[in-house]
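Data block below; observations after.
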Amino acid sequence: MNKKLIALLLAAMMLLTMLAACGKKSGNDTTIADPAAKKVYYTCLGADHANLNFQDNVDTPSETPATYCMCFLYRSYPDESGLNFHYIPDAAAELPIQIDEHTWNIPLRKDAHWNNGDPINADTWIYSFKTALDPKLANRMGGNVANNVITIVNADSYMKGEGATWEDVGIKKIDEYTIQIITENENAQKDICNHFYSREKTPIYQPLYEQCLSADGTTTSYGSDLDHWMGCGPYNFTTWDYDNVQIYTKNPDYWLADLFHWDEVNIRIVPEMNARVELWEKGELDDLSPDAKTVDIYIDDPRLVSYGSLYVDHIDINCKNPNNPICGTDAYRKAVYHSLDRETLAKSVFGHMEPAGWYVNTQAGLLSESGLTYRDSEPGNRIEDLVNSWGPYGYNPDMAWEYFVKACEESNIDPETADIEILYAIDDNSPTWKACAEYLEQQWQDIFKGHMHIKIVTYAGMSATDFKKTGDDKWDFSPNDWGRGASRTYPYTCFYYYRSAYSGSPNNYFNEDFEEQYDYCESIKTGDYNTLLEETAKLEEIYLEHVIQCPVFQDVSFSMFSDDLVLPVQTYIPGFGWGTVYADKNV
Amino acid sequence: MIYDRNNLPEELLNLPASDFEALYQEDIKDEKFQTKPVGFFKDAAIRLTKSKVSIIAFIIIGIIIILAVVVPPLSPYGFNDQNISAKYLPPKMPIVEKLGIMDGTRVLKNRKVSGLSDTDRYPEGSIIEYFNVVTAKGQEMCDVRVDAYMLAGMPDGEYHWFGTDYLGRDLLTRLFKGARISLLIAFFSVLTNVFIGVVYGAISGYYGGKVDIILTHFAEVLDGMPYIVVTILFMILFGSGMVSIILALTITGWIGTSRLIRAQFYRFKGREYVLAARTLGVPDRTLIFRHILPNCVGPLITRAMIAIPGAIFSESFLAYLGLGIKPPNPSIGVLLSDGQSVLLQYPYQTVFPAILISVLMIAFNLFSNGLRDALDPTKRGEE
Amino acid sequence: MFKYILSRIGAMLLTLFLIMSLSFMVVRLMPMSLFENPETDPEIQRKLEDKYHLNDTIPVQYFYFMKDIITDLNFGISVKIRPGLDVFGILVSRLPPTILINFISLFISIPLGLIFGTIAALNRNTWIDHVISVLVIIFISVPSFIFGSVLQYTLTFALPIFPTLYDSQAVTFAQKMHSLCLPIVALSLNPTATITRYLRGELIENISSEYLLLARTKGLTKAQAIVRHAFRNSLIPISNTLIGMITGIMGGSLVIEKMFAIPGEGGLLVKSIFAGDHFLTVAVLIFYSAVSLVTILIVDLSYGIIDPRVRVGGGKA
């Protein structure tokens, strides 16, 4: 009996092997039969979205399904010229109507509907906003509904359970097809549109949502997969194979269907840059966003376009490490500031980035009334001149050494015998910050003559914020984990995270002058723009005076589009992007 | 004539000794051994040296160890000497460069033809040839073969045999520094494993009974945990670094050794010589380490040798998952995983560490195979 | 026999329990706050943590954790990777590619190893044997991720025969295999070589044994004698190498899945570790442990079936 069993087992295995071998061969012949008439947009993402609950999902990959599959009250659309953009009503019937200083009416489209045909009306929107702000659900994106571009009256207070009831919140139903928004401040019409054009302000499908709500009303499984979710946008989410592929097909019933040209959007999830380049080289992608390492290959390619992003990347400095005797002094922070060769770091270590010895990015202020960015303005230039007067982008090894000596003296240490170890904590998964740490480690041996040296420590399995919470003695430097981009309208907002009032502060150094100045900027933000720029410069000056954290480079993004792709824009439009969702393809 | 044995004639009974004479004059002792007695290790060594493969493997291991010791201090570049303008240089080796490989050139794809004359970007003489000219979007594009060393502004006579990495560090130096670290991790983890295994196995095997049952069951339960799972958990908890890698590899690594030692102890503890020693009042410690343990040395060495490539593999495996040793120190695994991320642009970054780890693993495997055969007591005295 | 099986299963469950406790401890001891978005209000943060039992003491959390798993296979809810989804469901949804590459690798390598091992043994000390031996030592020594890299560079980039990515949309088995071919090859080289080496060694020993001579004198042809007697006797020690092979393949597939962007358990594990989705990490680790424990159990038991001596011995020899 045993003999037969073994023989049978062997035979089965052989069969499987042969099957597999045959499979491989025949696989070659059955390559994709191309549906010629279909316009398919092939693209890729580095990561998949975790779920489709846009009110709770904080990760940017969830932008994609929201853009393709949801309707908004308003959406942005490029001008004829392709150089600018404006807002068009989507689920709204027309642009918001101002009733008084703080009150806006939003008339709704009568033919808006879910993919299953159910109507989308004032009740849908009210229910959606109410859910987003629900204090029991504690949706993580709820705060953005209450306060982002505009601040809705009492919404924050309702959400945090601080007394306001739903009746107090400035979101009201006027009739079946009109809702009313009451804001705290005076706003422009486009601010209202802008506020409602983001994923957490898309509608949710009530019957399904209520089904998915847990009994105690604290959790929901809405959006966890396609069966627990309903779309209402230009495309249907037909396939979602998590971490692998997303396929969207055109929804012909959508009321603005004419604006969208793709028959299908095929998005692969490809975490490895190498694989993305491979796909691009094989012509299997319509666009590619090379990272700093791969952009070298395409640097001469006429298709390559670059644009500054909203972020200045920086290093957080710990001022409370008990093992570092000089960490509490301003001189130490300045020594660190002047020791960074930002030009080399940005151009070579991070690769093709813009060095920055300051913190307000080049985009800040671009969408202000005059369109003047802070960095191009006179006050902004003054700060740049100040920084460059110390050395290129603030890099000056001699000053670094002087400040180090000063820091030692202030802490009663003899700089000639000092031997201070600086813990540079990096995430194992970030190769560029690793390279930066290794570069600095080497540089410092010359700059601080061995009296202050870097020791690189790595952590895995947690975010930088988590790591910092493990103890003040565990780190001195850490790459930024939460970049706060300055808003394109109000340049000073990038300093938001570095105030003591902000609960999740990424660092532990606070300065009263700085906070006063920030509050002052906040109080005059709707006033004269030039005054605001001037005050922002003062804020940045204080920031540099105390090196609240250490700026390194202005982030630059790169993109390439295939020749077949017809973009609706002439160039990258800040605040709008490339508009690939409205793009077309030459077939 | 036949004599009765008991009634021999007088003259025959009282023969004088002088009547007898030795037939041979020389000594009639047995012939002396022509060879010296061969001890266990000598025998093993003889058999090991008879196997050509083992010798070659041994030589290769030796060379790599020597290089790992010698290259980092003797190289003109330190393992952490950076030259950021010379990052990602291709390999360039004297003599070999004449053959057209490892000559420090690289093909840059998709460059503007019009840009080639820009001497700021391409210093004079750095362009060797350009080809594949195509026109795209009104631009003439081509592929250029350039002398990467000239392009980076390196002086003549600068040679990075294996090229440089993302900070312009010499890869040859880093590779052998990395090999040194990987080997150290391997040796120390195996050493720790052997130590724990020997103590655990000896206690378990020598005392037997309840102690043995408890210890064996504990080891069995521990052994059921997949080492990958345990290692990853350990690394997450204690963070990356050389010491934690060594410890992580030790958690379940010692079980095999302890099992082997236990079996050996069971075999030898009942032997007469052990009983004799015990009767003479020799303490347990001496019995274990002086009298029984030496019997296990052969299999122990084999086992340790086999475990070394395993440890080297585990180290690079962990580095691939992002749990390697701390920068700026290199290890073979760290170099491999760094290279993997730029595999398409700079394949040589992966090639050299890959070759080194492969050769090292093959050599260790061949050598430990040879060693196993040589130390196998059943084959003793063969041939 | 029954007692033997029971004791094996008992040991297995004990190990599993230990692993579960250990992974829970390790994962919980890590300093963390599950929702570290600094934008979140501390008050909301506290509510979120309440929602997930995270504010209870560790023993209480441990109790909930174990109770849920044992009573209804509830490993908890993913908090980062797929918030709100049942961890067990995620685990199951990622199974197909992992099972495909792991099991196909195993099922390819066993027969291939047996074939090559037999060929090498029958042609001992000829060039065939030498070639196989050289390949065996290479495939055993060189780590699978090196082969993965080489295959990826040559066969998808330099000479694009195979697709760059795993194609989950493939309908037919053939298409699936086409996109999984390279990882499978990379994973199966080592186990194939391992089996080849063992079988060759065992067969050579058995071929020169007396019982085989007896079989020949009994009138069996050489082939018959080898297949009926030597081959079968050689299989026993080989089944013991299966344990190592399976854990080896699983470990290799961690890196290989990452390398070829296959959305399987390996990628999930790495991702969940780095995202700090601890319920998920624990679940995947328990999954891996369970698979390897079950393998060990099967091999142990089949050992008992193939080799009666083990069955009788039962306890420790």
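The values are calculated or read from the model by the stated rules, or taken from the named source; none is laboratory data. Only a predicted model underlies this, so the values are computations on that prediction, with no experimental measurement involved. In this analysis, Cβ positions are derived from the backbone assuming ideal geometry, glycine residues included, and neighbour counts consider all displayed protein chains. Surface areas here come from the heavy atoms of the whole protein model, side chains and all, with no ligands, DNA or RNA. Shrake-Rupley method; radii C 1.70, N 1.55, O 1.52, S 1.80 Å.
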Completion exercise
Probe 1.4 Å, protein heavy atoms only: C and B together bury a total accessible area in Å², to the nearest 100, of 3400 Å²
Exercise for the section: Using only Cα atoms, figure out Rg for region A:287-335 and give it as a multiple of 2.2 N^0.38 Å. Expected result: 2.00
Practice task
Give the ranking of A:E402, B:E124 by solvent-accessible surface, highest area first, calculated with a 1.4 Å probe.
Solution key: B:E124, A:E402
Fill in the blank from the handout: Ordering C:F173, C:F231, B:F195 by the accessible surface of their heavy atoms, 1.4 Å probe, largest first, yields B:F195, C:F173, C:F231
Practice task
Per residue of A:134-143, count partner chain C-beta atoms within 10 Å of its C-beta, then hand back the mean as an integer.
Solution key: 4
Fill in the blank from the handout: Ignoring ligands and nucleic acids, chains B and A bury, in total, an accessible area (1.4 Å probe) to the nearest 100 Å² of about 2800 Å²
Problem - Protein accessible surface hidden between A and C, which excludes ligands and nucleic acids, total in Å², probe 1.4 Å - result: 5300 Å²
Problem - Filter on A:K347/C:K80; A:K39/A:K173; A:K130/A:K525; A:K190/A:K469; A:K201/C:K176 - keep pairs with C-alpha separation over 32 Å - result: A:K347/C:K80; A:K39/A:K173; A:K190/A:K469; A:K201/C:K176
Problem - Potential lengthening between A:D227 and A:E512 on full extension [0.36 nm per residue; Cα-Cα distance subtracted] - result: 97.4 nm
Handout entry: 10 Å Cβ neighbours from other chains, averaged over peptide C:174-186
Key = 4
Handout entry: Whole-number D in µm²/s for chain C (Stokes-Einstein; Kirkwood sum over Cα pairs; 37 °C, 0.692 mPa s)
Key = 145 µm²/s
Exercise for the section: Any chance you could get the radius of gyration and Dmax over the Cα atoms of region B:213-339, in Å? Expected result: 19.2, 63
Problem - Nearest-20 debye value, chain B charge dipole, Cβ charges on Lys, Arg, Asp, Glu - result: 1380 debye
Handout entry: Cα point-scatterer Debye curve for region C:46-159, base-10 log of I(q)/I(0) at q = 0.16, 0.18 Å⁻¹
Key = -0.91, -1.03
Exercise for the section: Treating only the Cβ atoms of Lys and Arg (+1) and Asp and Glu (-1) as charged, compute the dipole magnitude of the protein assembly as shown about its Cα centre; round to the nearest 20 debye. Expected result: 7400 debye
Handout entry: Candidate lysines for bridging to C:K3, where Cα separation is under 29 Å - those fewer than 8 sequence places away on the same chain excluded
Key = A:K3, A:K4, B:K210, C:K67, C:K316
Fill in the blank from the handout: The set of residues whose placed amide H lies less than 5 Å from the amide H of A:I204, leaving out same-chain residues fewer than 5 positions away, is A:S128
Exercise for the section: Output the antiparallel fraction of DSSP beta bridges having both residues in the protein assembly as shown, as a percent to the nearest 5. Expected result: 80 percent
Problem - Accessible area of the protein assembly as shown belonging to carbon and sulfur atoms, whole % at 1.4 Å probe - result: 59 percent
Handout entry: Overall dimensions of region A:61-119 as given by Cα atoms, namely Rg and Dmax in Å
Key = 14.0, 39
Handout entry: Protection proxy ranking, peptides A:296-303, A:350-357, average beta carbon neighbours within 10 Å, highest first
Key = A:350-357, A:296-303
Practice task
Using 0.36 nm per residue of separation minus the Cα-Cα distance, give me the extension gain between B:Y130 and B:L280 in nm, one decimal.
Solution key: 45.2 nm
Practice task
Please pull out the direction-averaged projected area of region A:207-289, using the convex hull of its alpha-carbon atoms, in nm² to one decimal place.
Solution key: 7.7 nm²
Completion exercise
In the neighbourhood of B:G100 defined by beta carbon distances under 14 Å, the net charge of the other residues (Lys, Arg +1; Asp, Glu -1) is 0
Fill in the blank from the handout: Largest fluctuation, B:D120, B:D212, B:D143 only, Gaussian network model of chain B with Cα springs under 10 angstrom, belongs to B:D120
Exercise for the section: With r as the distance between the Cβ atoms of A:A47 and B:D143 and R0 = 25 Å, compute the FRET efficiency 1/(1 + (r/R0)^6) and round to 0.05. Expected result: 0.15
Practice task
Can you check what the net charge comes to around A:L565, using other residues whose Cβ is under 11 Å from the Cβ of A:L565 (Lys, Arg +1; Asp, Glu -1)?
Solution key: -2
Practice task
Go through A:W433, A:W114 and list them by solvent-accessible area, largest first, probe radius 1.4 Å.
Solution key: A:W433, A:W114
Practice task
Return the FRET efficiency for the residue pair A:E184, B:S117: r is the Cβ-Cβ distance, R0 is 60 Å, and the value is rounded to the nearest 0.05.
Solution key: 0.50
Fill in the blank from the handout: Cα pairs beyond 18 Å in region A:86-212, in percent, come to 51 percent
Exercise for the section: Give the Debye-formula value of log10 I(q)/I(0) at each listed q (0.07, 0.10, 0.12 Å⁻¹), with one equal scatterer per alpha carbon of chain A, two decimals each. Expected result: -0.52, -1.00, -1.32
Exercise for the section: Please report, in whole Å, how far the alpha carbons of chain B spread along each principal axis, starting with the longest. Expected result: 135, 60, 33
Practice task
Write down, largest first, the equivalent ellipsoid semi-axes of region A:308-556 in whole Å, where each equals the square root of 5 times an eigenvalue of the alpha-carbon gyration tensor.
Solution key: 29, 19, 18
Handout entry: Computed P(r) (all Cα pairs; the protein assembly as shown; 10 Å bins; percent)
Key = 1, 7, 14, 19, 20, 15, 10, 6, 3, 1, 1, 1, 1, 0, 0, 0
Problem - Peptide-level mean, for B:353-359, of C-beta atoms on other protein chains within 10 Å - result: 3
Completion exercise
Once all protein chains are kept in place, A:W390 shows an accessible area at probe 1.4 Å, nearest 10 Å², of 60 Å²
Completion exercise
Rounded to the nearest 0.05, FRET efficiency between A:I99 and C:F63 (Cβ-Cβ, R0 41 Å) equals 0.10
Handout entry: Counted charge near B:R303, where neighbours are those whose Cβ lies closer than 11 Å (Asp, Glu -1; Lys, Arg +1)
Key = +2
Practice task
Please work out the ratio of the alpha-carbon Rg of region B:92-151 to 2.2 N^0.38 Å and round it to two decimals.
Solution key: 1.22
Handout entry: Accessible area of region C:95-263 divided out per residue, in Å², using a probe of 1.4 angstrom
Key = 40 Å²
Exercise for the section: Please calculate the 1.4 Å probe accessible area of A:Y311, with all protein chains present, and give it to the nearest 10 Å². Expected result: 90 Å²
Practice task
Please give the length that would be gained between C:Y211 and C:I161 if that part of the chain were fully extended, namely 0.36 nm times their separation in residues minus their C-alpha to C-alpha distance (nm, one decimal).
Solution key: 13.0 nm
Completion exercise
Projected convex hull area of region C:95-263, Cα atoms, direction-averaged, in nm², equals 11.0 nm²
Completion exercise
Quick calc: nm separation of the 7 Å Cα→Cβ label points for A:S370 and C:R232 -> 9.6 nm
Handout entry: Residue-level accessible surface for A:T238, protein heavy atoms, 1.4 Å, Å²
Key = 70 Å²
Handout entry: Candidates C:L220, C:L135, C:L235: whichever shows maximal mean-square fluctuation once chain C is modelled as a Gaussian network with Cα springs under 10 Å
Key = C:L220
